Structure formats: C-alpha cells, structure tokens
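Comments concern the structure below.
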Amino acid sequence: MLFNVAGLLRENVGATRHFTLDGDPPVHHGRVDMTRTPNGVLVHVEAEVFIEDRCSRCLAAFGYPAHIAFDEIYAQQVDLQTGARLAQPDDPESFRIALDHTIDITEAVRQYTEMAAAMQPLCRPDCPGICATCGQDLSIATCACDRTPVDSRWAALAALKRTDG
C-alpha cells in the first residue's frame with residue numbers, strides 16, 4: 001500500500017488525491033484520500049478489512065470482517081524543491097513521508113486493524129467452548145464430565161464425598 005506523493009507535494013496546500021484499495025490483505029476494499037498540508041500530507045482511510053483470529057472459547061481459527069477508518073498526518077522529511085532536510089516532529093513514532101516521496105500506509109492499516117479486532121472474539125455467538133476438565137471441544141462433541149456448578153460453601157463436603165468413594 002505504497003503511494004507516490006511527489007506530485008501532490010508540488011501542489012498548494014489543500015490539493016487532494018483519491019485512491020481505491022482492492023485486495024491487499026488484510027484490506028478487502030477501501031478508499032484513501034490524501035490532502036496536502038503545510039508540512040506533509042493528511043491521509044484519510046476508510047476500509048473493510050478481514051481479521052484472522054482464534055475463538056476465545058474453543059480456540060478454533062476463524063476470520064471476520066471489520067471496518068477501519070483513520071486520519072493520520074505523514075510528515076515531509078525533505079523539501080521537494082531544494083532537497084534540504086526539514087524539521088521533524090517531536091514524536092519519534094509519527095508517520096513520515098519516505099525520502100523518495102512515497103507514503104506507505106501498511107503500518108497504519110495494521111495498527112488500526114489491531115484496534116478494530118475484538119477483545120474476546122467468538123467463532124459464533126453460541127460457541128460452547130472447551131471443557132475445563134478434559135479439554136474436549138464442546139462444539140464438536142460432548143464429554144461425560146460433571147460440569148454442574150458447585151456452591152463453594154459445600155466444596156469441603158464434596159471433596160470428602162469424592163474420597164470416600
């Protein structure tokens with residue numbers, strides 16, 4: 001997801017460029033709008049991404065779609081006319097236009113895709129998960145383990161019952 005912005009950097013502040021994104025994983029499709037700013041380029045991205053993850057209950061691998069949208073300023077490092085280095089932002093983590101006047105939005109897309117990912121993803125809403133006793137995936141088969149909830153106040157008596165046989 002690399003864009004040459006040398007032409008845009010030659011234009012006045014406020015000039016724009018529009019691009020479409022198609023099939024560059026994790027992006028399924030989307031749109032990129034770039035606007036010239038006094039010190040670089042404002043990049044606005046709206047995209048549909050496909051996130052590959054593992055179910056938080058049964059640990060099965062699955063994927064799901066998500067929407068990401070972000071605005072990031074990419075700072076110009078070199079004056080296009082003179083080739084002189086420009087003052088850089090104080091934040092070392094800020095995005096920058098490469099010395100060859102290209103913008104690579106891959107890292108920004110990755111970061112925003114990570115933020116769009118579910119904290120506890122589920123392969124399906126009614127996923128039963130895995131048995132805490134034997135580890136059987138309950139969406140594939142049931143197990144013979146006793147999973148009835150035990151009142152903690154009776155736990156000591158239940159332990160005695162198990163040892164007596």
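List of remarks:
- When the residues 101, 28 are ordered by accessible surface, computed with a 1.4 Å probe over the protein chains alone, the sequence from largest down reads 28, 101.
- With the simple model of a label 7 Å out from the Cα in the direction of the Cβ, residue 6 to residue 42 spans 2.6 nm.
- One decimal place: the segment residue 146-residue 133 gains 3.8 nm when fully extended, by the rule 0.36 nm per residue minus the C-alpha distance.
- Degrees between helix 106-116 axis and first principal axis of the chain (Cα, 0 to 90, nearest 10): 40
- Pairwise FRET efficiency - residue 126 versus residue 70, Cβ, R0 = 35 Å, nearest 0.05: 0.60
- Mean sequence separation of contacting Cα pairs (under 8 Å, at least six apart), scaled by the length of the chain, corresponds to a relative contact order of 19 percent.
- Highest mean packing first, where packing is the average number of other Cβ atoms within 10 Å per residue, the peptides 142-148, 127-133 line up as 127-133, 142-148.
- Placing unit charges on the Cβ atoms only, positive for Lys and Arg and negative for Asp and Glu, gives the chain a dipole magnitude near 520 debye about its Cα centre.
- GluC sites (Glu not before Pro) lying in DSSP loop within the stretch 21-60, provided at most 13 other Cβ fall within 10 Å: none
- Whole-angstrom gap from the stretch 76-91 to the stretch 135-165, using each part's C-alpha centre: 66
- Charge-dipole axis of the stretch 67-165 as Lys and Arg at +1 and Asp and Glu at -1 on Cβ define it, positive-most pick from 89, 132, 163: 163
- In degrees, nearest ten, helix 155-164 long axis to first principal axis of the chain (Cα): 50
- Paramagnetic reach from residue 81 (point 7 Å along Cα→Cβ, amide N under 18 Å) across the stretch 18-41: 36-41
- Segment residue 153-residue 50, extension gain: residue separation times 0.36 nm, minus the distance between their alpha carbons: 32.4 nm
- Computing semi-axes √(5λ) of the Cα gyration tensor in Å directly from the structure and comparing it against (i) 23, 16, 16; (ii) 55, 17, 11; (iii) 37, 22, 9 singles out (ii).
- Between residue 162 and residue 118, the FRET efficiency from the beta-carbon distance, with R0 = 45 Å, is close to 0.70.
The values are calculated or read from the model by the stated rules, or taken from the named source; none is laboratory data. Nothing here was measured: the structure is a model prediction, and the numbers come from that model. Note: ideal-geometry Cβ built from the backbone for every residue, glycine included; neighbour counts use all protein chains shown. Calculation scope for accessible area: heavy atoms of the full protein, side chains included, ligands and nucleic acids excluded. Shrake-Rupley method; radii C 1.70, N 1.55, O 1.52, S 1.80 Å.
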